[in-house]
Every structure is written in C-alpha cells, then in structure tokens.
Amino acid sequence: MSDDHTHVQEFFSARAADWDSRFPDDGPAYAAAVVELGLRVGDRVLDAGCGTGRALPPLRAAVGPSGVVVGVDLTPAMLEAAVKAGRHRDGHLLLADVAALPLRSRSLDAVFGAGLISHLPRPAENLRELARVVRPGGVLALFHPIGRAALAARQGRQITPEDLRAEPNLRPLLAGSGWRMTSYADEDARFLALAVRED
C-alpha cells in the first residue's frame, strides 16, 4: 500500500465513528447534488470514496429498486460506519481503491464523488479509471457540501492557485482524463462540477 493510501486510511479511520455527527446538516446538499446527476430509474451508479454512505440513500431513490448503487471506499472504518447507519441497504459496499476499481469497463451510467478529488494520489490517472467504468455519455459529479473558500476557512488555510478544484485547473484535468466538464459551481453552500464521459 502506498504512503498516500496509508495517510488517507489513517485520516478517515480516526474520524469515521463521529463523521456524520460532525456534519449533521449535509443531507439536503447531497440530495440536491444527486438530482443534478440526472439519474433515471434503472441506472447504475458508483459512489466513489463513499465514506459513511451519505449519498447512498438519494442515489438509491434516484435509480429506484431496479437500479444498481455501489459504494466504494478505501477505509474499512468508514464502510463499517455506513453499515452501522443502515446505508448498506441502499447500495452494495465494496472495500476497494478508486485507482483500481473491481468493475467492468463501461458498466456504469454515473459516478458521484463527494470530497474525492483532494484525496486522489494521482488525479489524472484516477479520473481515467473512473472514466473507464462509465459508458460514453455517462456523468461524473465532483461534489463537496461547502465551497472551496468555506472549506479552507473551516480548515484554517488559504486557497492556493494549485487547488485542483479551481475551474482553470479542473477543466483541463478532466479533459485529459476522458471527461468534458459541463457545469461548475463553487459557492459558499456547495461545490459541484459535472462532467460527461467522452467517447
């Protein structure tokens, strides 16, 4: 396991038990972001880096009982918290790395990634792996329940020009990884970038 993976697992393992209670008001933002994915009943969707599974209930509601919802996370403690919260009933949980997904190519209609991009060890390569498992025309949502400035303030830091989530950085990163950005919003109340899987 790489040092990046070890750091991510250590960071989230230490926070898994009280993660949901630390951010109790994020549910509506997750639900609104899922709506913007434009999922249909019967679609197949991945929650990449699903954590405690907060996106799984709205994803399941969007695709209905005939759809497929898969939550993948690298940290066992986060998946355990998802099960404890009962969210395993809304999707299949897999302990896996988004850099090497145990999924067939072009098998999904969409990927939802909350707080994901800042934890990717090799963003271009990792976004290409997400593109691999999505059919052409499928959608990617990169989401955070608060915007970049609000998140930086919460963490006691400044936004830097190198921030991958800045539109001038994110748009070419996505384009070089098989995605075309279709919308970008960075507001106090949320960050949401949507992209379509290119052919």
J(HN,Hα) series, segment 154-160, from Karplus relation 6.51 cos²θ - 1.76 cosθ + 1.60, nearest Hz, glycine and proline x: 4, 8, x, 9, 9, 6, 9
For Arg190, enumerate residues with amide H under 5 Å from its amide H, sequence gap 5+ or separate chain, H modeled in the peptide plane. Gly147
Please give the per residue accessible area of the chain, computed with a probe of 1.4 Å over protein heavy atoms only, in Å². 47 Å²
Would you work out which of Val34, Gly113, Thr160 lies farthest towards the positive end of the dipole of the chain? Charges go on Cβ: Lys and Arg +1, Asp and Glu -1. Val34
Of the DSSP beta bridges with both residues in the chain, give the percent that are antiparallel, rounding to the nearest 5. 45 percent
Could you give the dipole magnitude of the chain about its Cα centre, charging the beta-carbon of Lys and Arg +1 and that of Asp and Glu -1, in debye to the nearest 20? 460 debye
Sort 104-111, 170-177, 127-134 by the packing proxy (mean of other Cβ within 10 Å over each peptide's residues), most packed first. 127-134, 104-111, 170-177
Under 5 Å, built H, 5+ apart or other chain: amide partners of Gly71: Asp47, His92, Leu93, Leu94
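The values are calculated or read from the model by the stated rules, or taken from the named source; none is laboratory data. Quantities reported herein were computed from a predicted structural model and do not represent experimental measurements. Neighbour counts are summed over all protein chains in view; Cβ atoms, including those assigned to glycine, are modelled from backbone coordinates with ideal geometry. These area figures cover heavy atoms from the full protein model, side chains too; ligands, DNA and RNA do not enter into them. Shrake-Rupley method; radii C 1.70, N 1.55, O 1.52, S 1.80 Å.
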